[in-house]
1. Whether any residue in region 124-132 is without any contact (Cβ under 8 Å) to a residue 12 or more places away in the chain and under 19 Å from the mean Cα position of the chain (by Cα) is what I want to check.
2. For the structure I just gave you, tell me whether D26 is modelled with pLDDT under 95, open to solvent by 90 Å² or more (accessible area, probe 1.4 Å) and not small (G, A, S).
3. Please verify whether region 112-132 includes one or more residues that are open to solvent by 30 Å² or more (accessible area, probe 1.4 Å), under 22 Å from P53 (Cα atoms) and hydroxyl-bearing (S, T, Y).
4. Would you please name the residue that is surrounded by the fewest Cβ atoms within 10 Å (Cβ to Cβ), looking only at residues in region 45-58 that are assigned to a helix (DSSP H, G or I) and out of contact with any helix residue (DSSP H, G or I) (no Cβ under 6 Å at 6 or more places or on another chain)?
5. So for region 143-163 (the condition being within 12 Å of the chain's Cα centre (by Cα) and of a type in the set (K, R)), does at least one residue qualify?
6. Any residue at all in region 69-77 that is touching a Leu at 6+ places or on another chain (Cβ under 7 Å) and open to solvent by less than 10 Å² (accessible area, probe 1.4 Å)?
7. At least 2 residues that are over 17 Å from A31 (Cα atoms) in each: list the helices (runs of 4 or more DSSP H) lying fully within region 60-179 that qualify.
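The values are calculated or read from the model by the stated rules, or taken from the named source; none is laboratory data. Source: prediction; values computed, not measured. In this analysis, Cβ positions are derived from the backbone assuming ideal geometry, glycine residues included, and neighbour counts consider all displayed protein chains. These area figures cover heavy atoms from the full protein model, side chains too; ligands, DNA and RNA do not enter into them. Shrake-Rupley method; radii C 1.70, N 1.55, O 1.52, S 1.80 Å.
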Amino acid sequence: MKRRLSLLLAVVMVLGSFSFAFAANDEIKPAEFLEEQGILEGDTEGDLMLDKPLLRRDSVVLLSRLMKADEDEVKVFKKEGLPTFKDITDNHYVGYLAWAQSEGYIIGKDEKGEKFGFNDNLTAKEYSTILLRALDYGEEAKKQDKVLETAEKMGLLKDVDKEAEFTRKDMAQMTFNAL
């Protein structure tokens, strides 16, 4: 319940600051909206790389921004025993992963929680699971055989091809749909 209220408050703050933009522009581009909110960032040239796959490691950074967590704190987040993942190949992500695991947003890909899939591409099903957890639908997120169905019913997958390679554009669309 606490997470749902936190996300709701973040959404109200985000949408409240852009009510005039919504009225003036009937077609809102999800990626541009997330960029304006500081959730999605581009490369050094400002390219949002929307056609690129979203890596699992990057999803936790985006999630911390979506949840309005203090990024300076999340970067250095420490909790004994976390993260449990043994496949982390870049220390930049350790704090983010520990934070996301501590908050219950992510778990490992194996029984022991030692494999995160650090360099793997994220899938629509995996991002649906993360969003369901962030929206405090933890029980629904546990039912992996029904996650995509639940996400579709909630409208999270609107304008997303769940069968195609999951891209940064898809993440932006699903996040926007969740908001």
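1. Narrowing region 124-132 to residues without any contact (Cβ under 8 Å) to a residue 12 or more places away in the chain: none.
Looking through region 124-132, none of the residues is without any contact (Cβ under 8 Å) to a residue 12 or more places away in the chain and under 19 Å from the mean Cα position of the chain (by Cα).
2. Values: modelled with pLDDT under 95: yes; open to solvent by 90 Å² or more (accessible area, probe 1.4 Å): yes; not small (G, A, S): yes.
When the stated conditions are applied, D26 passes them.
3. To start, the set of residues in region 112-132 that are open to solvent by 30 Å² or more (accessible area, probe 1.4 Å) comprises 112, 114-115, 119-121, 123, 125-126.
Filter once more, so that each one left must be under 22 Å from P53 (Cα atoms): 115, 119-121, 123, 125-126.
Among the residues that remain, those that are also hydroxyl-bearing (S, T, Y) are: 123.
Among the residues of region 112-132, at least one is open to solvent by 30 Å² or more (accessible area, probe 1.4 Å), under 22 Å from P53 (Cα atoms) and hydroxyl-bearing (S, T, Y), which makes the answer yes.
4. Here the residue is D58.
5. no
6. First, pick out the residues of region 69-77 that are touching a Leu at 6+ places or on another chain (Cβ under 7 Å): none.
Taking every residue of region 69-77 in turn, none turns out to be touching a Leu at 6+ places or on another chain (Cβ under 7 Å) and open to solvent by less than 10 Å² (accessible area, probe 1.4 Å).
7. Values: elements: 71-75, 94-102, 124-134, 138-142, 147-154, 168-178.
Correct list: 71-75, 94-102, 124-134, 138-142, 147-154.
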